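As structure tokens, the structure follows; a few thoughts come after it.
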Amino acid sequence: MELEDLFWASVLVTSLASVILHMTGLEGLDSLLLLLLIVAISFYTFWEVFHERKVGVEHAVNLLMVGVGSLTYWLDLHLEGTLLLGMFGLAEILEHVAMERAESGLKELMEYLPRKARVEREGSLMEVGFGSIRRGDLVVVARGERIPVDGLVVRGGGHLDQSVVTGEPLPVRVEVGSYVHSGSLLVEGSLVIRALKVGGETFISRILAMVEEFKERKSSGERLVQKFSKYYLPSMLVLSAIAWILLGVRAAIVLVAVACPSAFLVAAPATTLTSLAVAARRGVLFKGSAPIERASKIRVVAVDKTGTLTLGRLTVKELHMDEGDFRLLASLELASQHPVAKALVEEARKRGLKLSIPEEVEEIPGEGIRGLVEGVEVVAGRASFVGADEVGSSGAIVHASVGGRYGYVILGDEVNPLARDVIERLLAMGLRVSMLTGDKEENAKQIAEGLGIRELYADLSPDEKVAVVERLREFGYVAMVGDGINDAPALAAADLGVAVGSLEASIEAGDVALVSGIQSLPWLFEASRSMVSTFWSNMALIGASKAVAVLLGVIGYIPLWAAVALGDDGGLLLVMANLVRLVRGVIG
């Protein structure tokens, strides 16, 4: 327990001791205990100001409570005064508990990073601290352990729980060559991983650092609460003065005692921090609370095609040539680094075709490639380069001549297998969904229809995407979803930029980063609505508890200490229960 918590706990215990003494007939000690609390809180407050070198709202509230306690001492309401200060101490403790619960999500993320790891160095296995792992180290991970680095599997294999990275609860198979992220749990098998990113560079470390940075960025709701709190306390002091004149000193004390704005000031950041931490655990990084607020208002979702709805990876769709000739074509493409070449080679390997090393290769950028494979001349590329007739198709076409025999291959982008379910869920939520792409309309239309998207904008340049986003605003707030690189202008133009892709690209380009992939997009909008609703309901709960406390206290239905307990402690307990409901609701 921290010093601050110990102090307020001692205040609470002292007030309870006053009740016990009063019940045993030693009520004469009430005044001494009340005086002790007044002096202790005064000394503690000035000590804090001295060490922090500044005066904050919490210090003003402490001194206000000292004033209320002094007033009850002057009016000979000694027991009431000690209990009132005791309930104030309890409220301070509950505020700290509320913030600790809000930060527990971040602490859970930190637990995904093991403190120690086993590495192979100079032929021996040794245990080192997390901060001592170096790039290039061979890290050994056994079943039931979490991965401490980002890197490549060089030996072994097994099944990995990557839910902290992707949000996907089912373990996935990893083997030699697989890239793995820190924080993932090895549920079966054993791995030796070459560390490529260590320490603060790792996936989990960067997410933690970003959440810590973004939690300081305030939404309009938080700024409103802070502004309200600034005027709330002086207004209540003025009202208490009026109440003293009209209703008497008791009413004035009740208003001053319940006037403490700390509950408002704690509930706002506690709700925000809980929301950011819960989202981070789902692989959704909000750049502060402002994007959460905007996400809750979204009515139109504009989605880029390439790399978002599709995997951004070419695959062979149709083969219009003999498989033997295709084997020689794929062999020639071994000499090229072009994405089309890689797709042809991958298709040949899927078919189990044995490829040969090409010779006398000549590649002309933008035109094609030629060479000899097993003594046969192979030419591939544009129709004009090969000497073939053009073929109409919505996909990319590779024309080929193999030993004088002509053929062609049609390639297309592979649709993300998760995309259709995502689009269906967005439409079910009542959102308007549009596809924006720079691809040809014929090809884009085929993908859009397959995914159930009725509104399509194709053949768009980056500037034209921005214009479409502006046009869509007539239907409400617009979210633009893209890969975070080519779509940067449209992401910036939208009310909410949602970037899908690598952590670095996503976090630079958008207001929200879906590091776990597009499957988290519907959750983003559903959860943001719950988060914003929880924020305002927390403010309403505190306001209502204070209003009821003032009313019952002024009319004398409850004593002063009970008014403070209801107005502050009761409101904070309701806020904590509401945050638990939020966490269970959006995670479940």
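I need the full set of residues from segment 114-128 which are over 30 Å from the mean Cα position of the chain (by Cα) and loosely packed, with under 11 Cβ neighbours inside 10 Å, in order please.
We begin by selecting, within segment 114-128, every residue over 30 Å from the mean Cα position of the chain (by Cα); these are 118-128.
Selection gives Glu122, Gly123, Ser124, Leu125, Glu127.
The rows are residues; the columns are (1) crowded, with 18+ Cβ neighbours inside 10 Å; (2) closer than 27 Å to Ile204 by Cβ.
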residue	(1), (2)
Ile253	yes, no
Ile292	yes, yes
Arg299	no, no
Leu328	yes, no
Leu355	no, no
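Would you check which residues across segment 372-395 are at positive phi and small (Gly, Ala, Ser) and list them? Show your work before the answer.
Kept after step one, since they are at positive phi, are these residues of segment 372-395: 374-375, 381, 387.
The answer is Gly375, Gly381, Gly387.
Out of everything in segment 436-486 that is touching a helix residue (DSSP H, G or I) at 6+ places or on another chain (Cβ under 7 Å) and β-branched (Val, Ile, Thr), what residue ends up being surrounded by the most Cβ atoms within 10 Å (Cβ to Cβ)?
Ranking the candidates gives Val481 first.
Can you name the number of the only condition in (1) surrounded by fewer than 19 Cβ atoms within 10 Å (Cβ to Cβ); (2) modelled with pLDDT under 90; (3) over 18 Å from Ala330 (Cβ atoms) that Ile410 fails?
(3)
Among the residues of segment 376-429, write down those that are of a type in the set (A, V, I, L, M), assigned to a helix (DSSP H, G or I), touching a residue at least 12 places away in the same chain (Cβ under 8 Å) and within 26 Å of Gly307 (Cα to Cα). It would help to see each step written out before you state the result.
Kept after step one, since they are of a type in the set (A, V, I, L, M), are these residues of segment 376-429: 376, 378-380, 383, 386, 388, 391, 396-398, 400, 402, 409-411, 415, 418-419, 422-423, 426-429.
Then keep just the ones that are assigned to a helix (DSSP H, G or I); that gives 383, 386, 419, 422-423, 426-428.
Narrowing the set further to residues that are touching a residue at least 12 places away in the same chain (Cβ under 8 Å) leaves 383, 386, 419, 422-423, 426-427.
Within segment 376-429, Ala419, Val422, Ile423, Leu426, Leu427 qualify.
Output the residues belonging to segment 317-342 that are assigned to a helix (DSSP H, G or I) and touching an Asp or Glu at 6+ places or on another chain (Cβ under 9 Å).
To start, the set of residues in segment 317-342 that are assigned to a helix (DSSP H, G or I) comprises 323-333, 339-342.
Once the filter is applied, which keeps residues that are assigned to a helix (DSSP H, G or I) and touching an Asp or Glu at 6+ places or on another chain (Cβ under 9 Å), segment 317-342 yields Phe326, Leu328, Ala330, Ser331, Val340, Ala341, Lys342.
Pairs please, first residue from segment 452-475 and farther than 9 Å from Leu436 by Cβ and of a type in the set (Lys, Arg), second anywhere and at pLDDT below 90 and surrounded by fewer than 14 Cβ atoms within 10 Å (Cβ to Cβ), Cβ atoms under 7 Å, 6+ apart in sequence or on different chains.
No pair meets every condition.
Go through the residues of segment 160-175 one by one and say whether even a single one is modelled with pLDDT of 85 or more, hydrophobic (A, V, I, L, M, F, W, C) and surrounded by fewer than 17 Cβ atoms within 10 Å (Cβ to Cβ).
No: zero hits.
Looking at (1) at pLDDT 70 or above; (2) under 38 Å from the mean Cα position of the chain (by Cα); (3) acidic (Asp, Glu), can you tell me which one Asp76 breaks?
(2)
The values are calculated or read from the model by the stated rules, or taken from the named source; none is laboratory data. The shown structure was predicted, so the numbers you read here are calculated from the model rather than taken from an experiment. Here Cβ is always computed from backbone atoms with ideal geometry, including for glycine, and neighbour counts include all displayed protein chains.
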